[in-house]
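Note sheet for the following structure.
The values are calculated or read from the model by the stated rules, or taken from the named source; none is laboratory data. This one's a predicted model, so the numbers in the text were calculated from it and none came from an experiment. Glycine also receives a Cβ, built like all others from the backbone with ideal geometry; neighbour counts cover every protein chain displayed. With ligands, DNA and RNA removed, areas are computed over all heavy atoms of the protein, side chains included. Shrake-Rupley method; radii C 1.70, N 1.55, O 1.52, S 1.80 Å.
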There are 2 protein chains.
Amino acid sequence: MAFTSKVFETRTVKMADREETIVAGGRHLFPLLPKAFDGIRQIGVIGWSSQGPAQAQNLRESLEGTGIRVKVGLREGSSSMKEAEAVGFTKANGTLGEMYQVIRESDMSLLLISDAAFAENYKAIFAAFRPGTTLGLSHGFLLSHLQAQGEDFPKNINVIAVCPKGMGPSVRRLYEQGREVNGAGINASFAVHQDVNGKATDYALGWSVALGSPYTFETTLESEYRSDIFGERGILLGAVHGIAESLYARYVGQGMAKDDAYLNTSESITVPISKTISRAGLKAVYEQLDEKDKAAFRRAYNASYHPCREILEEIYDDVASGNEVRSVIQATRRHGKYPMGKIDSTDMWVVGEKVRADNSRNYAPTNPETAGVYMACMMAQVDLLKERGHPYSEIANESIIEAVDSLNPYMDYKGVSYMVDNCSTTARLGARKWAARFDYILKQQAFPTIDSAVKDETPFDKFLKSGIHEVLKVCAELRPSVDIAVVPTRRG
Amino acid sequence: MAFTSKVFETRTVKMADREETIVAGGRHLFPLLPKAFDGIRQIGVIGWSSQGPAQAQNLRESLEGTGIRVKVGLREGSSSMKEAEAVGFTKANGTLGEMYQVIRESDMSLLLISDAAFAENYKAIFAAFRPGTTLGLSHGFLLSHLQAQGEDFPKNINVIAVCPKGMGPSVRRLYEQGREVNGAGINASFAVHQDVNGKATDYALGWSVALGSPYTFETTLESEYRSDIFGERGILLGAVHGIAESLYARYVGQGMAKDDAYLNTSESITVPISKTISRAGLKAVYEQLDEKDKAAFRRAYNASYHPCREILEEIYDDVASGNEVRSVIQATRRHGKYPMGKIDSTDMWVVGEKVRADNSRNYAPTNPETAGVYMACMMAQVDLLKERGHPYSEIANESIIEAVDSLNPYMDYKGVSYMVDNCSTTARLGARKWAARFDYILKQQAFPTIDSAVKDETPFDKFLKSGIHEVLKVCAELRPSVDIAVVPTRRG
């Protein structure tokens, strides 16, 4: 995909067998922001859940001294008002207001409310946009919802998206670290869906640079939406949850002590495996193992790739056909009567809580079987997205970088179950739904193969030859190597 | 629902707080069949999977001497030709032919081919029906598929359905037993979707009586389709599979020997619990327990009802919105590349195979916790279908009678995993998909509640007061008490 900017320097990077145009970010670009936001005097940030607090604060800080005001808009009486006030968005200083009023008075409004609130209120929200202003999204859910209803955006406004490839708290935390290390941040994709004044591309790029994105790549709302909803059901949340539960049951069944089983599954993934991938790439996880462990990794990888791919294909088809979004909307309608339960009461997470409370515990090892299963699923997701035509930047960020640099560190800090129980309703429903499917297919197909004499090395051979290794190297060069500091004082 | 017949005596039966019109069956009604099939000289039976062999043979036997020919139609070159010939449907005697040819020459054709074959060939199939002839279905999948495509049946033919509430082999086996015990058979629902000559209702009733249905009740194609696709994902296949896996893992985790755990889960459900429900109703399972076991049953029931209901509500919404059918069609498109794997390699079924091979093993006990979980799920399905407006006959047959009189006895004979691996693609996909969800929600919510001090007896109190107990009594009076003889010589 290629695009041009009147404000920022673009770069063409070679991603394996393809080329992509990107904008590399950094604080040295902040002086260009007034030019990028030409004609915009106020940016409304609507909503205060995951992305809202992060984006509002990052934008305010990046735009300091430019005269462009960042104003938070919330439902009248929202309990989030207090939280916004606590970080300085107040009615008194004119940077906090009722959401429809904020949209009406802003030149660009970023809709960061929940998917359900979107679905319920989009008509009133659209009506609040003045002609010629700009509607910003941070993921594509709304598009798919409109398509399902046979509706569309108002034709007389810009519609753009900037989608950070990490959750809100990571977007904020790495931006803060970026004060010391220029360029630290979460990568983002952008999409221009409607451009009524010829300025939409630079609005989007300015927004992304102001958020602190190390690099920004182009996508479409549809491609973003698919990979996003798919990715969180896959390796980012659903699969990692199901893989951990399934392997934990397997190891305990084989006689491993329960706390060791926790360290060898959940924590093995969220700490050593993720850190190695983040710092040195996918192959490094395998290469650091001794010969015996290498064989165990290969056995697990080869046995798990196809079963995981089968579930991932099903997820992608259900997302692309609109089934998943319909399911989410149906579920939110049921929640009054059947509230969504938590997932953290199973044996594994109860044991995990105990283990995690023990600060003197052993470091989690890189369990070779766990690594083989987890990375087979990750690669199945990479291969699927490539086959379905997604840009490499989107693939790498949505399948690997978001996992190892944003979500898994938080899962390490808070626990996988906490993450699943506390993400957006759309993600949470999807993760709960598909985790069980990954668990079952591993138990039904992968584990019996690992324990059998079957030997098919094809998946692992393809892994070694994958273009993704080169892509990750390019991505790594585009941003400084910074470990996200989820809790500044904890373990090195 | 009320209907009238020009041929058969109808009865109005009181089902709890409602009334339903039904036709009671029996061999003494066979002399009325020529009148019911007025104008029909040949019935084509298209397809030879589950229902095909059963319905073709039952119809042929019931219509013997009437001059109405039953002719089987199959794809040219189908491997099933041999099987049809083996039971006397031969090209030589004019009762076997190519399917489109058989439809063209028949006055009524029963489409008993697979859902995928339906979806692929419905246009050519419709074109083969002469105006004024009758199209028969044994479930509503085709309607939902047509609706999804925005299409409809040809307007110039009758469209009727007779849907036996049991799988083909049960329809055949009980019909054979009916030679000795008049009225033995599988209940059926019927629907008249289009009636171009005023005879459609009696065609359907004649068809059902000829199949050996003890009683026939009215429904609509839509209601049938929803309850059918929903039911097999729920207690009939998906839930029973997930419940068994989940409880097995729980009992083994608590230290129970693996073969005992198999007897206390899968076999406890398919033998003693099912037999008691079949012979004496739902409450009898509870009433036969001692005080300690009664308490365990209640604890399990109360803890499981809401989690199971939550998943069942999700299934129903996904069926009603067309999501499930879209998923099935998408899956069959993927099967070339990602064939559906079997479920029988997990620890539970491997142990189960061994246990089941031991003819001298102990009888499975009525495990009170297993019974409580299983029946909570069954009742959640009953309550949901009632709330969604299904007739009581459909509810009782699709949630209880089909389970305890048709499917569970076969599961006892062949194993739950064999059943799931060998039913229709639509059922198999659905069962695999939802079993994992029932397993997870029980593990995440029901079991922690069982083990906690929480005491909410509301679900069990509602169970005692449910109208379903009266409905089952009425259903039992409408058919003789015959245990299906899946293998005539095995265990009394």
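Out of all the residues in region A:277-333, which are in contact with a helix residue (DSSP H, G or I) (Cβ under 7 Å, 6 or more places away or on another chain), free of Cβ contacts under 8 Å to residues at least 12 places away in the same chain and within 20 Å of A:A116 (Cβ to Cβ)?
A:D318, A:N323, A:Q330, listed by residue number.
Do the conditions hold for A:H193, that is, is it open to solvent by 20 Å² or more (accessible area, probe 1.4 Å) and either at pLDDT below 95 or within 30 Å of A:D318 (Cβ to Cβ) (or both)? Steps first, please.
On the way: open to solvent by 20 Å² or more (accessible area, probe 1.4 Å): yes; either at pLDDT below 95 or within 30 Å of A:D318 (Cβ to Cβ) (or both): yes.
Considered against the rule, which asks whether it is open to solvent by 20 Å² or more (accessible area, probe 1.4 Å) and either at pLDDT below 95 or within 30 Å of A:D318 (Cβ to Cβ) (or both), A:H193 comes out as yes.
Considering only region A:13-20, I want to know if a residue exists there that is under 30 Å from A:V102 (Cα atoms) and not in a helix (DSSP H, G or I). Give the steps one after another, and end with the answer.
From region A:13-20, those under 30 Å from A:V102 (Cα atoms) are none; that's our starting set.
No, region A:13-20 has no match at all.
Name the residue that is farthest from A:G253 (Cα to Cα), counting only residues in region A:443-472 that are in contact with a Gly (Cβ under 8 Å, 6 or more places away or on another chain) and facing chain B (nearest Cβ under 10 Å). Talk me through it step by step, then tell me what you get.
First, the residues of region A:443-472 that are in contact with a Gly (Cβ under 8 Å, 6 or more places away or on another chain): A:444-445, A:469, A:472.
Among the residues that remain, those that are also facing chain B (nearest Cβ under 10 Å) are: A:444-445.
Working: A:Q444: 15, A:Q445: 17 Å.
Per the criteria, the residue is A:Q445.
Results for (1) among the aromatic types (F, W, Y); (2) open to solvent by less than 10 Å² (accessible area, probe 1.4 Å), shown as yes or no for each residue.
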| position | (1), (2) |
| --- | --- |
| B:S170 | no, yes |
| B:N182 | no, no |
| B:N197 | no, no |
| B:A204 | no, yes |
| B:W207 | yes, yes |
| B:P214 | no, yes |
| B:E218 | no, no |
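From the residues in region B:315-338 that are more than 24 Å from the chain's Cα centre (by Cα) and more than 9 Å from every other protein chain (Cβ to nearest Cβ), which one is surrounded by the most Cβ atoms within 10 Å (Cβ to Cβ)? Spell out how you get there, then give the answer.
As a first pass, look at region B:315-338 and keep what is more than 24 Å from the chain's Cα centre (by Cα): B:333-338.
Filter once more, so that each one left must be more than 9 Å from every other protein chain (Cβ to nearest Cβ): B:335-336.
Working: B:H335: 13, B:G336: 7.
Restricting to residues being more than 24 Å from the chain's Cα centre (by Cα) and more than 9 Å from every other protein chain (Cβ to nearest Cβ), the top hit is B:H335.
Can you name every residue in region B:341-370 that is open to solvent by 30 Å² or more (accessible area, probe 1.4 Å) and either of a type in the set (A, V, I, L, M) or within 14 Å of chain A (Cβ to nearest Cβ) (or both)?
Within region B:341-370, B:K342, B:D344, B:S345, B:D347, B:V350, B:E353, B:A357 qualify.
Kindly indicate whether B:E353 is charged (D, E, K, R) and under 30 Å from B:D451 (Cβ atoms). Lay out the reasoning, then the answer.
Details: charged (D, E, K, R): yes; under 30 Å from B:D451 (Cβ atoms): no.
Criteria not met by B:E353.
May I ask you to list the residues in region A:282-309 that are within 13 Å of another protein chain (Cβ to nearest Cβ) and open to solvent by 30 Å² or more (accessible area, probe 1.4 Å)? Show your work before the answer.
Filtering region A:282-309 for residues within 13 Å of another protein chain (Cβ to nearest Cβ) gives A:303-309.
A:H306 - this is the single residue of region A:282-309 that is within 13 Å of another protein chain (Cβ to nearest Cβ) and open to solvent by 30 Å² or more (accessible area, probe 1.4 Å).
State all residues of region A:434-461 that are open to solvent by less than 20 Å² (accessible area, probe 1.4 Å) and not hydrophobic (A, V, I, L, M, F, W, C); if no residue qualifies, say none.
Filtering region A:434-461 for residues open to solvent by less than 20 Å² (accessible area, probe 1.4 Å) gives A:434-436, A:438-442, A:444, A:446-447, A:450, A:459-460.
Listed by number, the residues that qualify are A:D439, A:Y440, A:Q444, A:P459.
Yes/no matrix, rows are residues, columns are (1) out of contact with any Phe, Trp or Tyr (no Cβ under 6 Å at 6 or more places or on another chain); (2) open to solvent by 10 Å² or more (accessible area, probe 1.4 Å); (3) under 22 Å from B:Y413 (Cα atoms):
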| position | (1), (2), (3) |
| --- | --- |
| B:E224 | yes, no, no |
| B:D228 | yes, yes, no |
| B:G231 | yes, no, yes |
| B:V240 | yes, no, yes |
| B:S246 | yes, no, yes |
| B:A261 | no, no, yes |
| B:S268 | yes, no, yes |
| B:S274 | yes, no, yes |
| B:A280 | yes, yes, yes |
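Working carefully through the options A:S106, A:S50, find the one that is touching a strand residue (DSSP E or B) at 6+ places or on another chain (Cβ under 9 Å) and polar (S, T, N, Q).
After applying the criteria, what remains is A:S106.
Tell me which of these B:E176 doesn't satisfy, since it passes every other one: (1) open to solvent by 60 Å² or more (accessible area, probe 1.4 Å); (2) on the phi < 0 side of the Ramachandran plot; (3) without any contact (Cβ under 8 Å) to a residue 12 or more places away in the chain.
(1)
Being of a type in the set (K, R) and touching a strand residue (DSSP E or B) at 6+ places or on another chain (Cβ under 7 Å), is that true of even one residue in region B:162-176? Quick ask: steps written out before the conclusion?
Of all residues in region B:162-176, those of a type in the set (K, R) come to B:165, B:172-173.
Next, from what is left, pick out any that are touching a strand residue (DSSP E or B) at 6+ places or on another chain (Cβ under 7 Å): B:165.
For region B:162-176, residues of a type in the set (K, R) and touching a strand residue (DSSP E or B) at 6+ places or on another chain (Cβ under 7 Å): present.
For the structure I just gave you, tell me whether B:G150 is free of Cβ contacts under 8 Å to residues at least 60 places away in the same chain and open to solvent by 10 Å² or more (accessible area, probe 1.4 Å).
Details: free of Cβ contacts under 8 Å to residues at least 60 places away in the same chain: yes; open to solvent by 10 Å² or more (accessible area, probe 1.4 Å): yes.
Yes.
Residue by residue through region A:21-46, note down the ones that are open to solvent by 10 Å² or more (accessible area, probe 1.4 Å), aliphatic (A, V, I, L, M) and in a strand (DSSP E or B).
Within region A:21-46, A:A24 is the sole residue that qualifies.
Of (1) open to solvent by less than 10 Å² (accessible area, probe 1.4 Å); (2) modelled with pLDDT of 95 or more, A:M15 satisfies all except one. Which?
(2)
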